[in-house]
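These notes are about the structure you will find just below.
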Amino acid sequence: MARSKLTPNQEKFVDYYLELGQASPAYRKAYPSCKKDTTAEANGWRLLRNAKVKAYMEERVKIFDEERIAKLNEVFRFWTETMRTETKEVTTEDGRKIVVPYDMKDRLKASENLARSRGAFIDNINQRNETTIKHTHDFSNLSKEEIKELLGRE
């Protein structure tokens, strides 16, 4: 990321705003000398309308999203590891780390997700086989017995 032309406090404000989601508290954390709520609110909103601050915030959001959202290959690796690994390490309530077996259902679900993502299953095949029968005979005058005889049912 190119170095922004913001002051260090403006950069802190953006980071705190992204963390807290509110301008006033973010302004107070970035500018600790600000004591009045009205000043923090007014200046926080002023910074949010500043073009340089907006641009920096968009850059930071992009970086945060790239860091937080798993890439597809990361998901594939996770499913593969879950499918192949028989045990996992967990932390107990008292802080100890212990090794426990993966539930087989979790391993099977991981393998299913991996296979589905690779097109191994075809879901919801919708086939309709419609046949139109055209006839040139008028069967409306036939009796039930004659129809059964034509159909081969006696």
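Here, each number is a calculation from the coordinates, and none is a lab measurement. It should be emphasised that the depicted structure is a prediction, and the values quoted were computed from it without experimental measurement. Glycine gets a Cβ as well: all are built from the backbone with ideal geometry, and neighbour counts include every protein chain shown.
For the set LYS29/LYS97; LYS5/LYS36; LYS29/LYS62; LYS12/LYS97, the pairs lying more than 30 angstrom apart at their alpha carbons are LYS29/LYS97; LYS12/LYS97.
Within 10 Å of each candidate Cβ there may be at most 14 other Cβ atoms; applying that plus a DSSP loop requirement, which GluC sites (Glu not before Pro) in segment 79-109 survive? Mind showing how you got there, number by number?
Working: sites: GLU81, GLU86, GLU89, GLU93; in loops: GLU86, GLU93.
Filter output for segment 79-109: GLU86, GLU93.
Cross-link partners of LYS88 among aspartates and glutamates, defined as those whose alpha carbon lies under 13 angstrom from its own and excluding same-chain residues fewer than eight positions apart: ASP103, ASP106.
Under a 5 Å amide H cut-off, with hydrogens placed 1.01 Å from N, LYS88 pairs with VAL100, TYR102 among residues at least 5 apart or on other chains.
With 0.36 nm allotted per residue and the present C-alpha distance subtracted, the CYS34-THR92 stretch has 16.6 nm of extension available. Taking θ as phi - 60° and the Karplus parameters 6.51, -1.76 and 1.60, the scalar couplings of segment 89-102 work out to 9, 10, 9, 7, 4, 8, x, 6, 9, 10, 9, 10, x, 5 Hz in sequence order, x denoting glycine and proline. Charge dipole of segment 72-117 (Cα centre as origin; +1 on each Lys and Arg Cβ, -1 on each Asp and Glu Cβ, all else neutral): 160 debye, rounded to the nearest 20.
Could you work out how much longer the chain between LYS71 and LYS54 gets when fully extended? Use 0.36 nm per residue separation minus the Cα distance between them, nm to one decimal.
Details: separation 17, 0.36 × 17 = 6.12 nm, distance 2.62 nm.
Stretched out fully, the LYS71 to LYS54 stretch lengthens by 3.5 nm.
Need the C-alpha centroid separation for segment 28-78 versus segment 94-118, integer Å. One Cα centre to the other: 35 Å. For segment 1-94, the relative contact order is 24 percent, taking Cα pairs closer than 8 Å that sit 6 or more residues apart in sequence and dividing their mean separation by the residue count.
For segment 42-125, which trypsin sites (Lys or Arg not before Pro) are both in a DSSP coil and crowded by at most 11 other Cβ atoms within 10 Å? Qualifying residues, ordered by number: LYS71, ARG96, ARG118. Ordered by the count of other Cβ atoms within 10 Å of each Cβ, fewest first, MET83, MET104 give MET104, MET83. Let me check I've understood the local charge: for VAL100, count other residues with C-beta under 11 angstrom from its C-beta, Lys and Arg +1, Asp and Glu -1. What total comes out? Net of charged neighbours comes to -1.
Give me the dipole magnitude in Debye, nearest 20, for segment 3-65 about the Cα centre, with unit charges on the beta carbon: positive for Lys and Arg, negative for Asp and Glu.
Working: 13 positive and 8 negative charges, 58 e Å.
About 280 debye.
Bridgeable aspartates and glutamates around LYS52 (alpha carbons under 18 Å apart, same-chain partners fewer than 8 residues away excluded): GLU11, ASP15.
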